[in-house]
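Here is the structure we will look at.
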Amino acid sequence: QGDGVSGAWLLGRKGLWHWSNEGGLRELALPQGRSGRDVEALASDAAGGLWIALGTAGVFRGGHDGWQREAAIDGESPSVLAADRHGGLWLGFGTDSVARLERGQRRDYGAHDGLRVGRITTIHAGDPVLVAGEEGLAQWDGTRFRSLAVQQAVSFCGITGIVRTGNDWWLNGSSGLLRLSDANWRRALEDPTQLPDVRIFDQRDGLPGVALQARATPTLVVDAQGVLWTSNNQGVAWIDPGAIRYNALAPPVS
């Protein structure tokens with residue numbers, strides 16, 4: 001998990017570490033003596049701070065200088081955290097709902113706002129914001145959500161990682177790694193009867209397994225060189241969107 005400044009946060013079963021060019025690898029104590037097993041969700045923000053969800057203990061922000069519990073987040077613990085570039089923190093829950101926190105003010109969204117994707121599995125907190133759940137995929141338009149159900153696009157099942165590169169969306173899910181053009185995605189939202197046209201990368205392309213489910217961090221990230229890294233149940237794999245080769249020659253028939 002990149003920290004938005006210069007370095008990376010590393011979460012393991014036993015604890016939490018921060019790596020940077022300046023300070024090397026440094027272990028940080030988690031709040032209340034918890035271990036890495038207790039972290040249900042994790043996200044870094046643009047200021048270099050880290051957000052973690054510790055179940056019933058609550059949501060904390062901190063890092064090298066200690067931890068502070070966020071009082072505005074009470075009750076149900078989020079299973080997904082994602083920081084946006086505007087200083088807000090998005091939270092996803094298991095009850096088909098999300099919330100956004102900014103400067104201590106919280107606003108909740110659910111079915112009455114057009115969000116119908118089931119238990120939240122990942123959030124892409126970019127422009128626009130995309131929310132994936134067990135039952136579909138939704139986009140926030142600044143006022144309300146527009147949702148596309150899994151029944152309309154079965155390949156959208158089990159999405160736990162979302163990245164946008166140029167004019168393409170990349171989704172890591174139960175069907176494999178999906179590539180979907182932004183124009184195609186917007187067309188599907190406007191007319192749900194039109195199934196989105198996706199390119200699926202799976203074992204036939206050298207990507208065995210499916211996206212990990214119920215992880216504290218997204219299963220798909222992009223590095224500074226534009227290379228995509230995916231975490232699957234068979235390990236870690238990468239693909240360079242700018243160097244994908246296709247064989248246009250049909251095989252000879254015998």
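The values are calculated or read from the model by the stated rules, or taken from the named source; none is laboratory data. On a predicted model such as this, the values are computed, not experimentally measured, just so you know. Virtual Cβ from ideal backbone geometry, glycine too; neighbours counted across all protein chains shown. For accessibility, only protein heavy atoms count, side chains too; no ligands or nucleic acids. Shrake-Rupley method; radii C 1.70, N 1.55, O 1.52, S 1.80 Å.
Observations on the model:
- Note on exposure: I200, I120 ranked by accessible area (1.4 Å probe, complete protein assembly) read I200, I120, with the most exposed listed first.
- For region 148-253, chymotrypsin sites (Phe, Trp or Tyr not before Pro) are listed when DSSP marks them as loop and at most 13 other Cβ atoms sit within 10 Å of their Cβ; the list is Y246.
- Whether region 150-240 is rounded, prolate or oblate, judged on the alpha carbon gyration tensor where a/c under 1.5 counts as rounded: prolate
- Environment charge at F145 (Cβ cut-off 9 Å; Lys +1, Arg +1, Asp -1, Glu -1): +1
- Share of carbon and sulfur in the accessible heavy-atom surface of the chain [1.4 Å probe, %]: 48
- 222 nm mean residue ellipticity, helices alone, for the chain (DSSP H n ≥ 4; -39,500 (n - 2.57); rounded to 500): -1000 deg cm²/dmol
- Accessible surface ranking that places the most exposed of H86, H112 first, with a 1.4 angstrom probe: H112, H86
- Applying a DSSP loop filter and a limit of 16 other Cβ atoms within 10 Å to the trypsin sites (Lys or Arg not before Pro) in region 151-254 leaves R245.
- The listed residues T217, T56 rank as T56, T217 when sorted by accessible area, largest first, using a 1.4 Å probe.
- Placing a label point 7 Å from the Cα of R144 along the Cα-to-Cβ line, the residues of region 81-108 whose backbone N sits under 17 Å from it are 97-98, 108.
- Debye equation applied to the C-alpha atoms of the chain, log10 I(q)/I(0) at 0.13 Å⁻¹: -0.83
- Length added when fully stretched, Y246-Q68, from 0.36 nm per residue minus Cα-Cα: 59.0 nm
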